[in-house]
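Have a look at the structure below before the remarks.
The values are calculated or read from the model by the stated rules, or taken from the named source; none is laboratory data. In this text the structure is predicted, and so the values were computed from the model without any measurement. For neighbour counting, all protein chains shown are included, and Cβ atoms are generated from backbone atoms with ideal geometry for every residue, glycine included.
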Amino acid sequence: MVNTFSFACSACGQCCNSPPSMTLAELFAHRDLFIGCIAIGRVPRRRPGERLRAGSHEAVLDEADCTAFDAIAGTLLHRAGDNIFSITAQGFDYPSLARCPALADDGRCAIHLHGKPLTCEVVPLDPLVPDGLQNLVLAERGHSAVYLGSACIQEGERDNAALLFAQGRIVDAQARDALMRRRRALEQERVVWTQAVFEALRKDLFDSPAALARIPAGGFLTISIVPALLTLAQSSARCRELCIGYIDSQLALIERSIERALLRRRLDDRPVTQQLRGFANAYRHARAALADEVVSGFFGRSEIGLDDKPLY
Ligand code: SF4
Ligand code: SF4
């Protein structure tokens, strides 16, 4: 089994098929381009002896692997009982468009030189997987539909591609650096807002089996980003002002997005439009609370997407 991978991105745009995961600061920087949301996912707990497979690649996890997974969970993720969750800010758009809003018509990233999200720099690696097991990520992604046509991930050493992973480690210095910066950014997000939002939603979501059932297997539950904004707004008057400005931009962006969807007249867009209207309601209530400086404890369950209405 070859355990060496090379990578060469031709900027074909094929993997830019949805808005990326972003930090809150990145969403603020691109407030007129990306509709922000919170994406909540389950992350499996790893045990020694567990076999992880990706194509012809396999690893049997040892104590050191599990310690590495635990270290990532302890700094970047959130635990409730035996469950581990990821909470990230993310761009949100109609899945029917199957593209990131920053993808230009020539297939290039329109913000490549102006604040491309860190998560896009990390592609095709996964910051939630220990470095020594990134070969499994590469093996899986190399055969996934998203990357397959582009052939950007290749097993073995290639003349026309940078060596990315060999001898159990990431050998490309730029890739290592991007991974480190993304992990630091996630750690910072935890300090700034994700841990606070996790605690605030603990009773209604993370400790509720019925609510947890709404997190799709291998996918994410997307809710309004308002709880993150209200957490941030409590830090200072300046942050509160910034949140109000962000909300105004987002309300205008949501309106434009819904207008275009109505012109497309697609049935599968309807639940997404419904969710966007929920986001807009949450923004309007949050804006009023922020303007009145009444921000603590404001989490409207229905408005942020934790009521019983369908979200997808
Ligand atoms: S699919 Fe591969 S080649 Fe195309 S943009 Fe993504 S990483 Fe680059
Ligand atoms: S921000 Fe740019 S690189 Fe990232 S998914 Fe969108 S188009 Fe692709």
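Of the numbered conditions (1) closer than 27 Å to Ala64 by Cα; (2) surrounded by 16 or more Cβ atoms within 10 Å (Cβ to Cβ), Ala173 fails exactly one; give the number of that condition.
Result: Ala173 fails condition (2) only.
Return the residue satisfying two criteria in turn: it lies in segment 7-46 and is farther than 21 Å from Ala280 by Cα and of a type in the set (Lys, Arg), and of such residues it is surrounded by the fewest Cβ atoms within 10 Å (Cβ to Cβ).
Step by step, filter segment 7-46, then rank; the result is Arg45.
What is the one condition in (1) within 12 Å of ligand 1 (Cβ to nearest atom); (2) surrounded by 16 or more Cβ atoms within 10 Å (Cβ to Cβ); (3) not aliphatic (A, V, I, L, M) that Gln134 does not satisfy?
(1)
Quick one: which of Cys66, Cys37 is more than 12 Å from ligand 2 (Cβ to nearest atom), part of a helix (DSSP H, G or I) and more than 21 Å from Ala175 (Cα to Cα)?
Going through Cys66, Cys37 in turn, the sole match is Cys66.
Can you report the number of residues in segment 102-135 which are in contact with a Ser or Thr (Cβ under 9 Å, 6 or more places away or on another chain) and of a type in the set (Val, Ile, Thr)?
1
Per-residue answers, yes or no, for (1) of a type in the set (Gly, Ala, Ser); (2) buried (at least 17 other Cβ atoms within 10 Å of the Cβ); (3) touching a Gly at 6+ places or on another chain (Cβ under 6 Å):
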{"residue": "Phe165", "(1), (2), (3)": "no, yes, no"}
{"residue": "Ala185", "(1), (2), (3)": "yes, yes, no"}
{"residue": "Arg214", "(1), (2), (3)": "no, yes, no"}
{"residue": "Ala237", "(1), (2), (3)": "yes, no, no"}
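For residues in segment 1-34 being in a helix (DSSP H, G or I) and in contact with a strand residue (DSSP E or B) (Cβ under 7 Å, 6 or more places away or on another chain), which is farthest from ligand 2 (Cβ to nearest atom)?
Leu24
How about segment 125-161: which of its residues are without any contact (Cβ under 8 Å) to a residue 60 or more places away in the chain, touching a Gly at 6+ places or on another chain (Cβ under 9 Å) and outside any helix (DSSP H, G or I)?
Answer for segment 125-161, where residues must be without any contact (Cβ under 8 Å) to a residue 60 or more places away in the chain, touching a Gly at 6+ places or on another chain (Cβ under 9 Å) and outside any helix (DSSP H, G or I): just Ala151.
Mind telling me which of the residues Gly74, Gly55 ends up being on the phi > 0 side of the Ramachandran plot and either free of Cβ contacts under 8 Å to residues at least 24 places away in the same chain or in contact with a helix residue (DSSP H, G or I) (Cβ under 6 Å, 6 or more places away or on another chain) (or both)?
On inspection, the qualifying residue turns out to be Gly55.
Among the residues of segment 5-30 satisfying the criterion of being modelled with pLDDT of 95 or more and of a type in the set (Ser, Thr, Tyr), which is nearest to the chain's Cα centre (by Cα)?
This residue is Ser21.
Quickly run through segment 181-228 and pick out the residues that are part of a helix (DSSP H, G or I), among the acidic types (Asp, Glu) and at pLDDT below 95.
Asp204
Restricting the first residue to segment 95-117 and requiring it to be near ligand 2 (Cβ under 7 Å from one of its atoms), which pairs with a second residue that is among the β-branched types (Val, Ile, Thr) meet a Cβ separation below 7 Å and a spacing of at least six or different chains?
Ala102/Ile111
Which is of a type outside the set (Lys, Arg), more than 16 Å from ligand 1 (Cβ to nearest atom) and modelled with pLDDT under 95, of Val43, Val2?
Val2
If I ask for residues that are within 16 Å of ligand 1 (Cβ to nearest atom) and over 26 Å from the mean Cα position of the chain (by Cα), which ones from segment 151-161 would you list?
Within segment 151-161, Glu155, Arg158, Asn160, Ala161 meet the criteria.
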